Amino acid sequence: MQLVIVVVVVVAVTTLFTLAVRSKDIPAPDPVPPTKHLEDRKAVIYENLRDLQFEYRVGKLSDADYQQTKLTLQQELATVLAEIDRIKAASPAPPAAAKASEAKPAPAAKSKPDPLKCPHCGAKMPKQMKFCGECGKAMA
């Protein structure tokens, strides 16, 4: 009996809390870039090209079918990429990015990096190496 009462109370509190949430308490969604749908389409086309190449290598497609489908997908991809470039060129740069680029000081003359110090983690090496012994990344 007590379990039933506890469950009813929990359900009632949860329902009241859910109904009491105001729309102004919910954070605004992130702005959707104007090229979002085109970026999604570009990803799908690249995936289709990869699948097409795999099916051709496995022998599921004839050479003529492969070339025709590949050409169609590449033409569609070129159209999508051109549209993305057109939209990005037409839209102004966000003000935050413009201010950040203005605030950057002019880079100083580049000095030659220390060949014994990892540029990624800063670890010192006893001799010049191709890869860092600490983080494993390339030293160059």
- Item | Subset of segment 42-68 (residues that are among the charged types (D, E, K, R) and under 14 Å from the mean Cα position of the chain (by Cα)) | Lys42
- Query: Name the residues in segment 76-93 that are surrounded by 12 or more Cβ atoms within 10 Å (Cβ to Cβ) and among the aliphatic types (A, V, I, L, M), would you?
  - Reply: Leu77, Val80, Leu81, Ile84, Ile87
- Can you give me the number of residues within segment 36-46 that are of a type outside the set (A, V, I, L, M), free of Cβ contacts under 8 Å to residues at least 40 places away in the same chain and either closer than 16 Å to Tyr66 by Cβ or crowded, with 16+ Cβ neighbours inside 10 Å (or both)? 1
- When you go through Leu77, Leu61 one by one, which is the residue that is assigned to a helix (DSSP H, G or I), among the hydrophobic types (A, V, I, L, M, F, W, C) and at negative phi? Leu77
- Residue check: is Pro33 assigned to a loop (DSSP other than H, G, I, E, B), surrounded by 10 or more Cβ atoms within 10 Å (Cβ to Cβ) and at pLDDT below 95? yes
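The values are calculated or read from the model by the stated rules, or taken from the named source; none is laboratory data. Everything numeric here is computed off the predicted structure, so don't read it as measured data. Here the Cβ is made from the backbone with ideal geometry for all residues, glycine too, and neighbour counts use every protein chain on show.
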